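The values are calculated or read from the model by the stated rules, or taken from the named source; none is laboratory data. In this text, all values refer to a predicted model and were calculated from it rather than measured experimentally. Cβ atoms come from the backbone with ideal geometry, glycine included; neighbour counts cover every protein chain shown.
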Amino acid sequence: MAKEDEKKEAGEWREFFWNPRTHELLGRTASSWGLILLFYLVFYTFLAGMFCLTMYIMLLTLDDYKPTWQDRLATPGLMIRPKGDNMEILYDVKNTESWDKYVQTLDSFLAPYNNSQQMLNNDACAPDKHYVQDDSGPVRNVPKRSCQFNRTMLGDCDGFTDRTYGYGDGKPCILIKLNRVIGMLPGKDGQSPYVTCGAKKEDSEFLGDVVYFPPNGTFNLMYYPYYGKRAQVNYSQPLVAVKFLNLTQNADINVECKINSNTIREFSDRDKFAGRVSFKLRINSPD
């Protein structure tokens, strides 16, 4: 009986897969399978067409040169170079290897700012006013020109006056840049935004004197507005160099630098990089 039941079950499965009497495959005739396949072909073709149409309409709303929405960038961020691990600049004055990595980082970062390179690629602009390059109606004014930011504007922190950027004698230079935001005008009425740096309250006695390059730590208005990487291929982001002249050695010093501008007034407590940047300095030296 068991063998007969197995044969019967096997026969039923074979008949379900292909029934020679009704010419059905998996329980459906050829015409039934044809109608199902035709339905899914039309259905998925329609879905693909809807997807392509939606993408096409969305792409029509995008600008190749400017983001459609920039409402989340009300306050630009600040960043430093070198930034070290975890925003910490730690080294031993007597140990050249401990600070040579910072020197190499600055050398590489400042290479595009060499005066010869800037004179070749960018314009000598009139300072203290925005370098506006409007389009002519629907005709785009591209590529747009950029203003020179010469490396020598960084004074004692340009890498020429002192090849070690002050790290060799315990007076390190930190470069600060304001993050790029297309169309942003950080400053008006001839007042350029500027950077100020100070120690956190508990470390204020360890910071000592600070000097800025260019003078007063300004980001001159002539470097704004920024039109985007595609429109301004040779744009050189302005920098501010901060030189710490007499840091207390063998002490952790938490420093905060912030942007000051008559067009940037609000700073988010949720974003520590919005309009400011914090980092730690520690210079070790034998007693």
Report whether or not Cys173 is over 30 Å from Asn121 (Cα atoms), within 24 Å of the chain's Cα centre (by Cα) and surrounded by 15 or more Cβ atoms within 10 Å (Cβ to Cβ).
-> no
Going through the stretch 132-169 in order, the residues found to be free of Cβ contacts under 8 Å to residues at least 24 places away in the same chain, polar (S, T, N, Q) and either surrounded by 15 or more Cβ atoms within 10 Å (Cβ to Cβ) or in contact with an Asp or Glu (Cβ under 8 Å, 6 or more places away or on another chain) (or both) are Asn141
| query | Is it true that some residue in the stretch 118-130 is among the aliphatic types (A, V, I, L, M), assigned to a helix (DSSP H, G or I), in the same structural domain as Glu97 (by TED's automatic domain parsing) and surrounded by 17 or more Cβ atoms within 10 Å (Cβ to Cβ)? | reply | no
Inside the stretch 79-117, the number of residues satisfying the requirement of being over 21 Å from the mean Cα position of the chain (by Cα), under 18 Å from Tyr223 (Cα atoms) and assigned to a helix (DSSP H, G or I) is 2
Just one listed residue, out of Lys144, Lys177, Lys171, Lys200, is assigned by TED's automatic domain parsing to the domain that holds Asn250 and over 28 Å from Pro82 (Cα atoms), and it is Lys144
Checked Asp128, Asp123, Asp92, Asp63 against criteria (touching a Ser or Thr at 6+ places or on another chain (Cβ under 8 Å) and farther than 26 Å from Cys173 by Cα); the one match is Asp123
All-but-one check, Lys83 against (1) more than 30 Å from Leu247 (Cα to Cα); (2) in contact (Cβ under 8 Å) with a residue 60 or more places away in the chain; (3) not small (Gly, Ala, Ser), failing number (1)
Checked Ile182, Ile174 against criteria (over 30 Å from Tyr65 (Cβ atoms) and touching a residue at least 24 places away in the same chain (Cβ under 8 Å)); the one match is Ile174
So the strands (runs of 3 or more DSSP E) completely within the stretch 197-283 holding 3 or more residues that are at pLDDT 95 or above and under 30 Å from Val132 (Cα atoms) are 239-244
